[in-house]
Amino acid sequence: MFEVLVYLYENYWRPDACPGHQQLSRKLSAVGFENDEIQDALKWLDGLADSAESYTGTQGAHSLRVYSEAERELLGDESIGFIGFLESAGVLPGAMREMVIDRASAVGSRPIALEDLKVIVLMVFWSLGEEPDALILDELFVDAEDRLIH
C-alpha cells in the first residue's frame with residue numbers, strides 16, 4: 001500500500017488532481033500495482049480525505065500529547081520519537097499530529113515501521129495542500145545512512 005501512496009505523491013500535486021477511484025484504480029493497475037494494494041490505498045486515502053476535511057489547525061502550539069498504551073504499541077518508540085522531532089521542529093502542529101496518528105492506526109500493522117510513518121506524514125501534508133520544507137522532505141525521503149555529512 002505504501003508504494004501506491006508514494007506513487008500518488010510523486011505523480012499528483014494535490015489530492016484533487018487525482019482522478020476518481022475507478023479511473024485511478026485502472027491507472028495504478030496499468031503501472032503494475034496489485035489490486036489488493038490499490039484497494040487498501042484507496043480505502044486509506046478516503047479516511048485521509050475525511051481527516052483533511054475536518055482539519056482545523058487550531059490545536060494549541062504548546063499542546064502536550066500523552067500516548068495511550070495502544071498507541072505506543074501501534075507506533076513504537078522510534079515513530080513516536082520521530083513525531084516528537086517534527087513537532088519540536090515546528091513543522092507538525094498538534095492537529096496534523098493527530099491526523100498522522102489516526103492514519104497510522106488505520107494501517108493495522110504493529111508497530112508501524114518508521115519508513116511507513118514517514119509516508120503517512122508526507123501524505124498528511126499532501127492532503128492539506130502543504131509542501132514540507134526541503135529539510136523535512138530530506139528527513140522523509142532520505143535514509144540516515146545515505147546522508148552526506150558536510
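The values are calculated or read from the model by the stated rules, or taken from the named source; none is laboratory data. Since the structure is predicted, the reported quantities are computational estimates derived from the model, not experimental observations. In this analysis, Cβ positions are derived from the backbone assuming ideal geometry, glycine residues included, and neighbour counts consider all displayed protein chains.
See the values below:
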{"read-out": "Residue among Ala106, Ala144, Ala113 that alone is among the small types (Gly, Ala, Ser), at pLDDT below 90 and either surrounded by fewer than 18 Cβ atoms within 10 Å (Cβ to Cβ) or more than 23 Å from Glu53 (Cα to Cα) (or both)", "value": "Ala144"}
{"read-out": "Test set (1) surrounded by 15 or more Cβ atoms within 10 Å (Cβ to Cβ); (2) within 23 Å of Ala70 (Cα to Cα); (3) modelled with pLDDT of 90 or more - Phe125 fails condition number", "value": "(2)"}
{"read-out": "First in segment 66-93 and under 18 Å from Pro111 (Cβ atoms) and without any contact (Cβ under 8 Å) to a residue 40 or more places away in the chain, second anywhere and β-branched (Val, Ile, Thr) and outside any helix (DSSP H, G or I), Cβ under 8 Å, 6 or more apart", "value": "Leu74/Ile112; Gly76/Ile112; Ser79/Ile112"}
{"read-out": "Every residue from segment 34-43 that is touching a helix residue (DSSP H, G or I) at 6+ places or on another chain (Cβ under 7 Å) and either touching a residue at least 40 places away in the same chain (Cβ under 8 Å) or buried (at least 16 other Cβ atoms within 10 Å of the Cβ) (or both)", "value": "Glu37, Ile38, Ala41, Leu42"}
{"read-out": "When residues of segment 1-33 are limited to those that are of a type outside the set (Lys, Arg) and not in a helix (DSSP H, G or I), the one surrounded by the most Cβ atoms within 10 Å (Cβ to Cβ)", "value": "Met1"}
{"read-out": "Flag for Val100 being outside any helix (DSSP H, G or I) and either surrounded by 13 or more Cβ atoms within 10 Å (Cβ to Cβ) or at pLDDT 95 or above (or both)", "value": "no"}
{"read-out": "Matching entry among Ile120, Ile136 (being among the β-branched types (Val, Ile, Thr), in a helix (DSSP H, G or I), modelled with pLDDT under 90 and closer than 24 Å to Ala17 by Cα)", "value": "Ile136"}
{"read-out": "Any hit, segment 54-65, residues being touching a Ser or Thr at 6+ places or on another chain (Cβ under 9 Å) and at pLDDT below 95", "value": "yes"}
{"read-out": "Flag if Trp44 is of a type outside the set (A, V, I, L, M) and either over 19 Å from the mean Cα position of the chain (by Cα) or assigned to a loop (DSSP other than H, G, I, E, B) (or both)", "value": "no"}
